[in-house]
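Each remark here refers to the structure printed beneath this line.
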Amino acid sequence: MRRLRFNGTGSGEGGCPSVHEDLDSREIIVHGPPLTDPEDIAQLHHLGAGEVPIVVPRELITDWGPKDLTREAKIIDLDDFNGLFETFKHTAWRLETRRRYASDEATDTYAQFERGERPAWDMDTPYCRTIRQQTGQGARVERVRLVDSPTTPGQRYLLAHAQKNAALGEDIRNLSRVDAQRLQLPDEDFWIFDSRLVALLNFDDADNLADVELITQPDEVVRYSMVRDAAWHHAVPYEEFAADLAAKE
């Protein structure tokens, strides 16, 4: 069975015509109303047996067709990445998909959590001050964190860490990996700021953050926004998720 991603539609009600993309072969599937006039069909070149010509608006291909697969990545340094949290105006949204983050395991609070102690969160870091200021002014900072079954140590730590995030004004939700796979969400970690730019977080084999790619191409930003909308729709507030998880253990 193909793994298909819905790229977009150029229509109004009815959802047709539309463009899908095969995530593995990179082939494009387009559907729309068929071309039926015999005189029109007679003008077509190389129409094979079993092929059905369809008619779609030119804008559909322009907006949702494949773009340059060799697009040069725009890599930003960590200072520029951190600056995005100071300059966004309305929303900052994160999808966290990994089973562990090396940066978490290097903290004192992770060691405290492993020992069964209550982590002593530092609420006065530069990030904390920035996010507290942003949410205090009405901006939204939201995250969806994927969780496996059984949960990994890193995921259990982040369930506890959500209390710190919430104290800063963030809205933290969780989604099972099974549900994420059913929704065909990508395995990518990313932030999306103000629905206009994406910061794609790239990790090395040791789960360290290697670099950050900035994506501003409109069709790509829309696709990540669609991932955000699906994940947020099905995710569960972290308190509810943690309580349900504890009840099953």
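For the reader, a short list of remarks on this structure follows.
- Between the range 108-161 and the range 13-48, the C-alpha centres lie 47 angstrom from each other.
- Taking amide H atoms as placed 1.01 Å from N in the peptide plane, the amide H of residue 8 lies under 5 Å from those of 19, each 5 or more residues away in sequence or on another chain.
- Helix 78-87 and the long axis of the chain differ in direction by around 90°, with both axes built from C-alpha atoms.
- The dipole here belongs to the range 1-129: it is taken about the Cα centre, uses +1 on the Cβ of Lys and Arg and -1 on the Cβ of Asp and Glu, and is about 300 debye.
- Ascending count of other beta-carbon atoms within 10 Å, so fewest first, for 107, 62: 62, 107
- Rounded to 10°, Cα long-axis angle of helix 126-136 versus longest principal axis of the chain: 70
- Relative contact order of the chain, pairs being alpha-carbon contacts under 8 Å that are 6 or more residues apart, as %: 18
- Packing-based exposure ordering (other Cβ within 10 Å, fewest first) of 245, 158: 245, 158
- In nm, spacing of pseudo-spin labels at residue 117 and residue 156 (7 Å Cα→C-beta vector): 1.8
- Residue with peak Gaussian network fluctuation, the chain [Cα springs, cutoff 10 Å], from 90, 46, 31: 46
- Local electrostatic count at residue 120 - Lys and Arg +1, Asp and Glu -1, tallied over other residues with Cβ under 11 Å: -1
- Most mobile listed residue (91, 36, 135) in the chain, GNM with C-alpha springs under 10 Å: 36
Each value in this text was obtained by applying a stated rule to the coordinates, not by laboratory testing. Quick caveat: nothing in here was measured; it's all calculated off a predicted structure. We place every Cβ from the backbone using ideal geometry, glycine too, and count neighbours over all the protein chains shown.
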